Amino acid sequence: MTGAHLVVAAPATAIAVALALGTTAPAPPRPALTASPGRVVLDGAARAEVRVAAPRGVELVDVGLAPYSLDLRGRPRLGGAARAPRWVSVRPSLLRVGAKGAAVTVAARPPRGAEPGDRPFALVLTTRASGRHGVAVRLRIGVLVLARVPGRIVRRLVVGPLHVRQHGRAHVLELAIRNAGNVTERLPPGRIVLTLLRRGHVVARLRPPGRELLPHGRALVSSLFRGGLRGPATVRVELGAFVHVYPVRL
């Protein structure tokens, strides 16, 4: 089935991952770390502060930058081919932080001629393993950072194909979407409507959950149909002004 093109709108998100390096009984209290805000946009040559706090006691925290991506289901991942731009810096690289908190500064200075659009990456904060009580535990959290280079903005979504697979007695309708633009796109809940039709009559209207797509990212947007319809049907996909009909078989 062929894809189709569309125009839509922008951003959001953060990630947290806890890492246990060893366990013995009884387990000590896990370290706690907070960061605010959970998402930062650096528009052109700009800087922003992220407040970091350790409400359960003083922690040594390593500060760095890492690639950030979303998988096909929208789950955040630290890692990937797209690294943080060289013209983005973070200070300090090591933080001693307690309940009162401290600040980390992220700064962007895009060079002349840099390609316009969003560069997503993560500000990563990792507590150092203390080894207290014979257990080494550390916590890692990531704050999404979008370094936005001014210039010609391209908003373009490629929609399709649509696939149907059986899930027990139900069917899952999976719509592929690709962000072919250069900025982050946000599809709020209800923005996509999948209308299932049989001989021109509406059988069901499905509204997948919201989704965010980073530049050049891909997503699978799923909806579950529990009806008893079997055989050939059509699905009308609506996304803003975009409408496309796909023949399917249940």
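The values are calculated or read from the model by the stated rules, or taken from the named source; none is laboratory data. Note that the structure is a prediction, hence the values are computed from the model and not measured. Positions of Cβ are backbone-derived with ideal geometry, glycine not excepted, and every protein chain shown enters the neighbour counts. These accessible areas exclude ligands, DNA and RNA; they are computed on the full protein's heavy atoms, side chains included. Shrake-Rupley method; radii C 1.70, N 1.55, O 1.52, S 1.80 Å.
Descriptive notes on the structure:
- Note on segment 156-226: with neighbouring protein chains present and a 1.4 Å probe, carbon and sulfur make up 47 percent of its accessible heavy-atom surface.
- Cα centroid separation - segment 51-65 against segment 166-215, whole Å: 39
- 12 Å beta-carbon shell around Ala82, net charge (K/R +1, D/E -1): +2
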